[in-house]
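For reference, the structure is listed below as C-alpha cells.
The values are calculated or read from the model by the stated rules, or taken from the named source; none is laboratory data. Because the structure is predicted, anything quoted here is derived from the model rather than measured. Glycine gets a Cβ as well: all are built from the backbone with ideal geometry, and neighbour counts include every protein chain shown.
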Amino acid sequence: MSLVDADGETAVGRGDGDGGGDGDGEIRSILDRAAEGGRISPEEALLLYTRAPLHALGKAADTVRRRRYPDGIATYIIDRNINYTNICVTACRFCAFYRAPKHAEGWVRDVDDIVAKCGEAVELEATQIMLQGGHNPDFGIEWYEQVFGAIKAAYPQLALHSLGASEVVHIARTSGLTFPEVITRLRDAGLDSFAGAGAEILTERPRHAIAPLKEPGHVWLSVMETAHTLGLESTATFMMGTGETNAERIGHLRMIRDVQDRTGGFRSFIPWTYQPENNHLGGRTQATTLEYLRLVAVARLFFDNIAHLQGSWLTTGKEVGQLTLHMGADDLGSVMLEENVVSSAGARHRTNRSELISLIRTAGRIPAQRDTLYRHLVVHRDPAQDPTDDRVASHFSSTALPLVSAT
C-alpha cells in the first residue's frame, strides 16, 4: 500500500506518533537500519514521522548523532543578523517584516550603519554576520558588492554567511544577470557562504500557497546547487507549520537530500516553526512542539549526507531547543546579537551565551563555541572557566532608528 494518497496526505493519517507500537516490526527494522547509518527512503521517513514511537524515534536519531560526534560536544555560534531593508516586492503571506515599495514604513540602512553594526558585533566576539533583507527593486548587484566590500575592508575576520537563493533570483532579475554571474560576483565581493534563507517549504503546493511570487522550490535548489559548484557552501532550512501535509514535509527533505547527493554543499539542516503574528496566514496552521521534535529526529535519520543538525530555540523556546539535543541535533544555533524578521512575527524567546552554555551542559553535552565552518573556537569543559560577559545576549532591535528613508 502506498503511504501517500491522491491528496498528498499520509495514508496512515496525521498522527502524533502514538501509533505503531513496539510490536511493529517494520518500524523497528527501519529505525535499526537508520540508527546504524543505513539510508532510508522518503516513504520510510514518512512512516517513521507519522507512526514511530517518539522515544524510539529519538533514541535512533541520538544514536546517529553519537556516532557522528562521539566527543559529546554540542555547539553554538555568536552572530548578528543585520537587516538592510524591509522593502520587498515578494509579499510572502507568512512575513510580518516586509513593506511594499513606497510604503510609509519602508526603510533602507545606510552602508556606514551596517559596517558600524558589524563593529559592535566584533566587540561582542561575533564571528559571523547574516545580512538579510527584502527584495528591494532598487537594489542591483552593485549595491551588494558595495556593502560586502565595505564590511570585508573594515572587518576581514567576519564570515559573511548571508543572503540566500531567493536574493540571487532577485538580483539576477534586477541586474539582468545569470545566476552563476550573480553568485560569482557576490563571492568575489566577499560573500563566504549562503544562508538557507528563502527555502520555507520547497514542495510545490504549499510553497505557492504561502509565497506565490517567490521562485519555485526547484529553482531555489538549482541556485544552491550552482553556488555549491562555484565554491560557496550553504545551509538548508525548513519553516514548518504553514498548512503543509506530512507527506509534503518529507518531500521537502527529499528535495534537499537529492541536491546534497550531487554537491555535498549543505553544511547543516535547520528546521524551525512558522510564527503567527502580524502576517496574512494569521496563525491558523501552526506546527505543534511534538511535530517539530519528530521532524528533527527524522531529519537526523534521513540526512545521512548532511553533517550538522541545528535545533531552534528562537521559534520553539529554550526548553524545546534543549530537547532537540536528545533528538539528534548537535548544534543549538546562535546567540543572535540582533534579530528582527522572525521576532516581528511573534518570536519572543531570548537567551544569552551563559544560558546557551548551560542548556547544552545540562543536556549532558559539552558546550563549544563554533565558527561558520563548525570549527570549535572554545570548548567549555570547565564551568569555572565559562565566559561571563552579560552583553553577549540575543536582542530584538528596534528597526526604527537609525535609518535612511527609502523615499
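Residues in the stretch 190-206: is at least one assigned to a helix (DSSP H, G or I), in contact (Cβ under 8 Å) with a residue 40 or more places away in the chain and over 30 Å from Ala116 (Cα atoms)? Break it down stepwise before answering.
Step one: list which residues in the stretch 190-206 are assigned to a helix (DSSP H, G or I), which gives 204-206.
From what's left, in contact (Cβ under 8 Å) with a residue 40 or more places away in the chain: 205-206.
Checking the rest, the ones that are also over 30 Å from Ala116 (Cα atoms) come to 205-206.
There is at least one residue in the stretch 190-206 that is assigned to a helix (DSSP H, G or I), in contact (Cβ under 8 Å) with a residue 40 or more places away in the chain and over 30 Å from Ala116 (Cα atoms).
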Margin query: Please go through the stretch 20-44 and give me each residue that is surrounded by fewer than 21 Cβ atoms within 10 Å (Cβ to Cβ), touching a residue at least 12 places away in the same chain (Cβ under 8 Å) and assigned to a helix (DSSP H, G or I), ordered by number.
Written below: Glu26, Arg28, Asp32, Ala35, Pro42, Glu43
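Can Glu244 be described as surrounded by fewer than 24 Cβ atoms within 10 Å (Cβ to Cβ), touching a helix residue (DSSP H, G or I) at 6+ places or on another chain (Cβ under 8 Å) and among the charged types (D, E, K, R)?
Working: surrounded by fewer than 24 Cβ atoms within 10 Å (Cβ to Cβ): no; touching a helix residue (DSSP H, G or I) at 6+ places or on another chain (Cβ under 8 Å): yes; among the charged types (D, E, K, R): yes.
Criteria not met by Glu244.
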Next item on the list: Count, please, the residues in the stretch 367-394 that happen to be within 20 Å of the chain's Cα centre (by Cα), buried (at least 16 other Cβ atoms within 10 Å of the Cβ) and either among the hydroxyl-bearing types (Ser, Thr, Tyr) or modelled with pLDDT under 95 (or both).
Entry: 3
Next item on the list: Have a look at Ala227, Ala197 and point out the one that is in contact with a strand residue (DSSP E or B) (Cβ under 6 Å, 6 or more places away or on another chain) and closer than 25 Å to Arg68 by Cβ.
Entry: Ala227
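Being of a type in the set (Val, Ile, Thr) and either surrounded by fewer than 17 Cβ atoms within 10 Å (Cβ to Cβ) or farther than 30 Å from Tyr76 by Cα (or both) is the filter here, so list the residues in the stretch 123-158 that pass it. Break it down stepwise before answering.
Going residue by residue through the stretch 123-158, those that are of a type in the set (Val, Ile, Thr) are 127, 129, 141, 147, 151.
Scanning the stretch 123-158 gives a single hit, Ile141.
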Notebook entry, point to check: Counting just the residues of the stretch 335-356 that are at pLDDT 90 or above and either part of a loop (DSSP other than H, G, I, E, B) or touching an Asp or Glu at 6+ places or on another chain (Cβ under 8 Å) (or both), which one comes out surrounded by the fewest Cβ atoms within 10 Å (Cβ to Cβ)?
Noted result: Ser354
Checklist line | Residues of the stretch 136-189 classified as under 24 Å from Gly119 (Cβ atoms), without any contact (Cβ under 8 Å) to a residue 60 or more places away in the chain and of a type in the set (Gly, Ala, Ser), total | finding: 6
Notebook entry, point to check: Among (1) surrounded by 24 or more Cβ atoms within 10 Å (Cβ to Cβ); (2) in a helix (DSSP H, G or I), where does Leu163 come up short?
Noted result: (2)
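Picking from Leu221, Leu232, which residue would you name as being at negative phi, in a loop (DSSP other than H, G, I, E, B) and not hydroxyl-bearing (Ser, Thr, Tyr)?
On the way: Leu221 fails: in a loop (DSSP other than H, G, I, E, B).
Within the list Leu221, Leu232, the selection yields Leu232.
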Next item on the list: Look through the stretch 294-320, keep the residues that are under 15 Å from the mean Cα position of the chain (by Cα) and assigned to a helix (DSSP H, G or I), and return whichever of them is farthest from Trp272 (Cα to Cα).
Entry: Arg300
Checklist line | Residue, farthest from Leu48 (Cα to Cα), within the stretch 229-278, restricted to residues that are under 15 Å from the mean Cα position of the chain (by Cα) and aliphatic (A, V, I, L, M) | finding: Ala236
Next item on the list: Scan the stretch 249-278 for residues that are in contact with a Gly (Cβ under 7 Å, 6 or more places away or on another chain), surrounded by fewer than 22 Cβ atoms within 10 Å (Cβ to Cβ) and modelled with pLDDT of 95 or more and jot them down.
Entry: Met255
Notebook entry, point to check: Quick one: how many residues across the stretch 45-102 are touching a residue at least 12 places away in the same chain (Cβ under 8 Å), within 30 Å of Ile366 (Cβ to Cβ) and part of a loop (DSSP other than H, G, I, E, B)?
Noted result: 6
Notebook entry, point to check: How many residues does the stretch 146-164 hold that are touching a strand residue (DSSP E or B) at 6+ places or on another chain (Cβ under 7 Å) and within 26 Å of Gly264 (Cα to Cα)?
Noted result: 8
